[in-house]
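The values are calculated or read from the model by the stated rules, or taken from the named source; none is laboratory data. Since the structure is predicted, the reported quantities are computational estimates derived from the model, not experimental observations. Virtual Cβ from ideal backbone geometry, glycine too; neighbours counted across all protein chains shown.
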Amino acid sequence: MEKDLLLMGANALRKAALNEQAKEYILSNEILFNTIKKAADRYIGGETLEETIVKVKDQNAQGFKTSIEFMGENTLTEKEAFQASNEFIRIAQEIKKQELNATFSLDLSHIGLSISKELCLNHLDLICREAAKKNIEVTISAENVEITDAVIDVYKTASATYKNVSITLQAYLHRSKDDFEDLIQQNGRIRIVKGAFETPEGFSIPRGSALDERYLYYIDQLLSRNHSCSIASHHDFIQREVVSMLENYKTSKDLYEFESLYGIQNEQLARLKEQGYPTKLYFVYGKEWYLYLCNRIAEYPLNIFQALHDIVN
């Protein structure tokens, strides 16, 4: 019964995350925005890049590599896509200027994929070119299954020119088995996540042992074939199993990294760092934190009580 209720709560939160009307209402209501943002602050770098860099520097000093993402997706005008693209260029410039141990990530729909593939490619070219000046890695984030083909196509085009671009693969999608064999032919790092977006029935594997097995299959393939990867999971079972693989394959430390989202079970990542494994903390920033907050709570619905605590304190 409890498991069913948690699953219902998780599904409801994922649907809420995609509710544009709810998001717009929260963003336009100052009191509601400031109230709910208290819960979001646990998981985000801040509303600005400058706020986030303060936290990034702190974590760098503690020995963590970091990733930075300016939150946003599905921009509907060329002006919005241009502004987002310029912000990612600014991230690259600040990483270089302030000598941060950091990479950055982006949604292709944030820089124009929802408008046209050509516009998106033009913006990604400018971003990757700026990042390449200091060999800063640019990771293409996961998005909903309806645009997976377009995301992979853009990535393959960019990776033919730039060695500093990488991609995210969602283990829960059935189609990812075929996509994986395609992507591993490219040189860029493959970041493996379980997957958090709601999908049509039959498109994905539900959370559980079958998904864990599929996730570990991808990591095993990457390590055994000496392809660079990110193990982007907070699941302690996954982390332990990957550690065993690493010991078995004697993998070079420059080929992999354990990654966790800032504010979620970071004590596990700290233990891995103390044991000598490469680790990365993933920071997001901006005003588009509504979807991000819903998805973070959906991953473990009991976190709603932590959110309530953060709001009232």
All but one of (1) within 27 Å of Leu100 (Cα to Cα); (2) buried (at least 19 other Cβ atoms within 10 Å of the Cβ) hold for Gly195; state the number of the condition that does not hold. (1)
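Residues are listed down the side, and each one gets a yes or a no for (1) closer than 17 Å to Lys65 by Cα; (2) touching a helix residue (DSSP H, G or I) at 6+ places or on another chain (Cβ under 7 Å):
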position: Arg225; (1), (2): no, no
position: Ala232; (1), (2): yes, no
position: Phe237; (1), (2): no, yes
position: Glu241; (1), (2): no, yes
position: Lys250; (1), (2): no, no
position: Lys253; (1), (2): yes, no
position: Tyr262; (1), (2): yes, no
position: Gln268; (1), (2): yes, yes
Do we have any residue at all in segment 195-208 that's among the charged types (D, E, K, R), assigned by TED's automatic domain parsing to the domain that holds Ile264 and at pLDDT 95 or above? no
Which of the helices (runs of 4 or more DSSP H) found entirely inside segment 199-286 contain at least 3 residues meeting this: of a type in the set (S, T, N, Q) and without any contact (Cβ under 8 Å) to a residue 60 or more places away in the chain? 209-224, 236-249
Could you please give the count of residues in segment 76-90 that are farther than 19 Å from Thr48 by Cβ and not hydrophobic (A, V, I, L, M, F, W, C)? 3
State the number of residues belonging to segment 49-85 that are touching a helix residue (DSSP H, G or I) at 6+ places or on another chain (Cβ under 6 Å), part of a helix (DSSP H, G or I) and of a type in the set (A, V, I, L, M). 2
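Within segment 185-198, how many residues turn out to be assigned to a loop (DSSP other than H, G, I, E, B) and either farther than 19 Å from Ser105 by Cα or not hydrophobic (A, V, I, L, M, F, W, C) (or both)? Outline the logic, then answer.
Kept after step one, since they are assigned to a loop (DSSP other than H, G, I, E, B), are these residues of segment 185-198: 185-189, 194-198.
Keeping just the survivors that are either farther than 19 Å from Ser105 by Cα or not hydrophobic (A, V, I, L, M, F, W, C) (or both) gives 185-189, 194-195, 198.
Number of matching residues: 8.
Picking from Asp153, Asp178, Asp182, which residue would you name as being assigned to a helix (DSSP H, G or I), of a type in the set (D, E, K, R) and either farther than 30 Å from Glu118 by Cβ or within 20 Å of the chain's Cα centre (by Cα) (or both)?
Details: Asp178 fails: either farther than 30 Å from Glu118 by Cβ or within 20 Å of the chain's Cα centre (by Cα) (or both); Asp182 fails: either farther than 30 Å from Glu118 by Cβ or within 20 Å of the chain's Cα centre (by Cα) (or both).
Only one candidate qualifies: Asp153.
Which one of these is β-branched (Val, Ile, Thr) and in a helix (DSSP H, G or I): Ile136, Ile127, Ile167? Outline the logic, then answer.
On the way: Ile136 fails: in a helix (DSSP H, G or I); Ile167 fails: in a helix (DSSP H, G or I).
It is Ile127.
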What number of residues in segment 102-137 are touching a residue at least 40 places away in the same chain (Cβ under 8 Å) and in contact with a strand residue (DSSP E or B) (Cβ under 7 Å, 6 or more places away or on another chain)? 7
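Hey, can you tell me all the residues within segment 215-230 that are of a type outside the set (S, T, N, Q) and either in contact with a His (Cβ under 9 Å, 6 or more places away or on another chain) or more than 21 Å from Leu255 (Cβ to Cβ) (or both)? Spell out how you get there, then give the answer.
First pass over segment 215-230, keeping only residues of a type outside the set (S, T, N, Q): 215-220, 222-223, 225, 227, 229.
Within segment 215-230, just Tyr215 meets the criteria.
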